[in-house]
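To keep things clear, I will list the structure first and then write my remarks on it.
The values are calculated or read from the model by the stated rules, or taken from the named source; none is laboratory data. Remember, predicted model here, so these are calculated numbers, not experimental data. Backbone-built Cβ (ideal geometry, glycine too); neighbour counts: all protein chains shown.
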Amino acid sequence: MSYRASQEGSYLVRTFDDDRYAWARRSTARRRLVLVEATLIGALVALGAVAAVVDRRWSTWYLVAWAVGLVAFIPLHAFLNLGIRGLYDRAGRTLDEHQRQLRDESYIAVRLPSIVLTFAAIAAAVATVARTGEAALGLAIGFLLWLGAGLLPYWHLAWILPDEENGS
Amino acid sequence: MSRRPRTEADIVHNRIAVLRAERQVSRKGLADEVGVHPQTIGYIERGEYSPSLALALRIARFFALPVEAVFSLEPLPPLSETVYGRNR
């Protein structure tokens, strides 16, 4: 299927190209969203570390913070995705050659940190369970770091993409 | 392989913006015809992306011109100079 044919009838693609979300494609908006997302994930990991060190158990306050944080993450990531036209969430056939290049370049650029963060997620989960005996807490912290590893290409792309030019 | 120009020598110069203005074709119109996103046309026009050979040929075919009339490794002279042989 050609690029043009793949654009027709795709609600997802039309959403990512919707001009109502042009504000999210400005570099300042994209970079702010990256900073907020990274801060949110980092804060949840830090709170998890506090819960593991101080409480040494799966505390109710951390469950609430974790759940609220991840619910807040959903709209943040939706807007970030609109800012990068969903290049990582769309089928390859709906991207043209330049969009595929942008997607692949960011993926390659953060490949090593992403691998490191994935191993850190496993190590943090194991260490947390070993220290507290709470599998849920270990999984919560590990999940956040693993999520961060998966988000690195999104953040890199959102950070480096130049402002789009409007007009015909 | 990346096709984002890293040095001045890597830039593929083009006349797409001039040709579009002359033919009164919007970026979206050209993009639809050659099968890319309109923003990609903008990146090519600004020299921030060097198109694949296939895309360059499709763009040249759209304008019914040889590819070397649309793209060049050297900065392209104004069309008036090319057509009339004078620089004014």
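Only one of the listed residues (B:I59, B:I44) is within 11 Å of the chain's Cα centre (by Cα) and either more than 9 Å from chain A (Cβ to nearest Cβ) or closer than 18 Å to A:T94 by Cβ (or both). That residue is B:I59. Pairs are defined by a Cβ separation below 9 Å, a sequence spacing of at least 6 or placement on different chains, a first member in region A:96-125 that is in contact (Cβ under 8 Å) with a residue 60 or more places away in the chain and within 14 Å of another protein chain (Cβ to nearest Cβ), and a second member that is assigned to a helix (DSSP H, G or I) and of a type in the set (F, W, Y); the pairs so defined are A:D96/A:Y3. Residues in region B:62-88 that are without any contact (Cβ under 8 Å) to a residue 40 or more places away in the chain and surrounded by 15 or more Cβ atoms within 10 Å (Cβ to Cβ) were compared, and the one that is nearest to the other protein chains (Cβ to nearest Cβ) is B:F62. The residue list A:V45, A:V54, A:V68 contains one member that is in a helix (DSSP H, G or I), of a type in the set (V, I, T), under 19 Å from the mean Cα position of the chain (by Cα) and closer than 21 Å to A:V129 by Cβ, which is A:V45.
All of A:V34, A:V54, A:V50, A:V13 fail the test of being modelled with pLDDT of 95 or more and β-branched (V, I, T), apart from A:V34. There is no residue in region A:84-95 that is under 16 Å from the mean Cα position of the chain (by Cα), surrounded by 19 or more Cβ atoms within 10 Å (Cβ to Cβ) and either of a type in the set (S, T, Y) or in a helix (DSSP H, G or I) (or both). Condition first: assigned to a helix (DSSP H, G or I) and crowded, with 16+ Cβ neighbours inside 10 Å. Now tell me which residues in region B:46-56 satisfy that. Matches in region B:46-56: B:L55, B:A56. So, B:Y43, is that one surrounded by 14 or more Cβ atoms within 10 Å (Cβ to Cβ), in a helix (DSSP H, G or I) and among the aromatic types (F, W, Y) or not? Yes.
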